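Scroll down for the structure; my scribbles are underneath it.
The values are calculated or read from the model by the stated rules, or taken from the named source; none is laboratory data. The structure presented is a predicted model; accordingly, all values stated were derived computationally and were not measured. Cβ atoms come from the backbone with ideal geometry, glycine included; neighbour counts cover every protein chain shown. Just the protein is used for accessible areas: all its heavy atoms, side chains included, with ligands, DNA and RNA removed. Shrake-Rupley method; radii C 1.70, N 1.55, O 1.52, S 1.80 Å.
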Amino acid sequence: MKNISTAFKFNESDAKLISQFLVTKANQQMDCFLSVEAQLTDYAYWYLLTTMWINESTIYPISAWKKLFFAKRANRLVSIMKPNELTLFKKLSNKLILYRAHSKNETDWISYTLDLETAVKFAKMKNVDEVVEYKIKKHDCYALFLRREESEILCLNKDLAKKIRSIKVD
């Protein structure tokens, strides 16, 4: 079985715009996306947005990501996640335990992981000595991404994630 959204329907216009996007340098993709977003079908919008997030989430400010992820577009769940991600997302408990290694002086974020080991890896990469454990209701979560082997959960409102504890990292 192909891991392609049920919302995907070939569209010549989308294909041309996506081809243009895919050859754009990572640091220019947001501008490219913003210049064509109104011309994209809902599926293509979510597909390109997710592609940018998966590939280069650190290049752009969190405020820009939030604005784009909050777009009022159809088929978000089936377009933003691949079918295997959506299946697993639906199977998750209604109350989740998530982890995040915060960068120094970080004030806003939307990304967490279900996996403590992944958070510890990020803590080491960010040169910080702790991981924060949160609890959150699944209905407050936006998506699950497995593509970077991070078991990444997006929650667009950090205030909905309640801090449980800090875990020291060696």
Meets criteria (in a loop (DSSP other than H, G, I, E, B), open to solvent by less than 60 Å² (accessible area, probe 1.4 Å) and not polar (S, T, N, Q)) for Ala64: no
The stretch 131-149, residues that are open to solvent by less than 60 Å² (accessible area, probe 1.4 Å) and not small (Gly, Ala, Ser): Val131, Val132, Glu133, Tyr134, Ile136, Lys138, Asp140, Cys141, Tyr142, Leu144, Phe145, Leu146
Residue satisfying all of: in the stretch 150-170; exposed (fewer than 15 other Cβ atoms within 10 Å of the Cβ) and touching a residue at least 12 places away in the same chain (Cβ under 8 Å); nearest to the chain's Cα centre (by Cα) among these: Asn157
Matching option when the condition is within 21 Å of Asn75 (Cβ to Cβ) and open to solvent by 30 Å² or more (accessible area, probe 1.4 Å), among Ala26, Ala7, Ala38, Ala44: Ala38
Selected residue [touching a strand residue (DSSP E or B) at 6+ places or on another chain (Cβ under 9 Å), modelled with pLDDT of 95 or more and not basic (Lys, Arg)] from Tyr99, Tyr45: Tyr99
Total residues in the stretch 117-148, condition in contact with a strand residue (DSSP E or B) (Cβ under 8 Å, 6 or more places away or on another chain) and of a type outside the set (A, V, I, L, M, F, W, C): 9
Positions within the stretch 47-61 being surrounded by 15 or more Cβ atoms within 10 Å (Cβ to Cβ), part of a loop (DSSP other than H, G, I, E, B) and among the polar types (S, T, N, Q), in sequence order: Ser57
Residue within the stretch 105-117 that is part of a loop (DSSP other than H, G, I, E, B), open to solvent by 80 Å² or more (accessible area, probe 1.4 Å) and not polar (S, T, N, Q) present: no
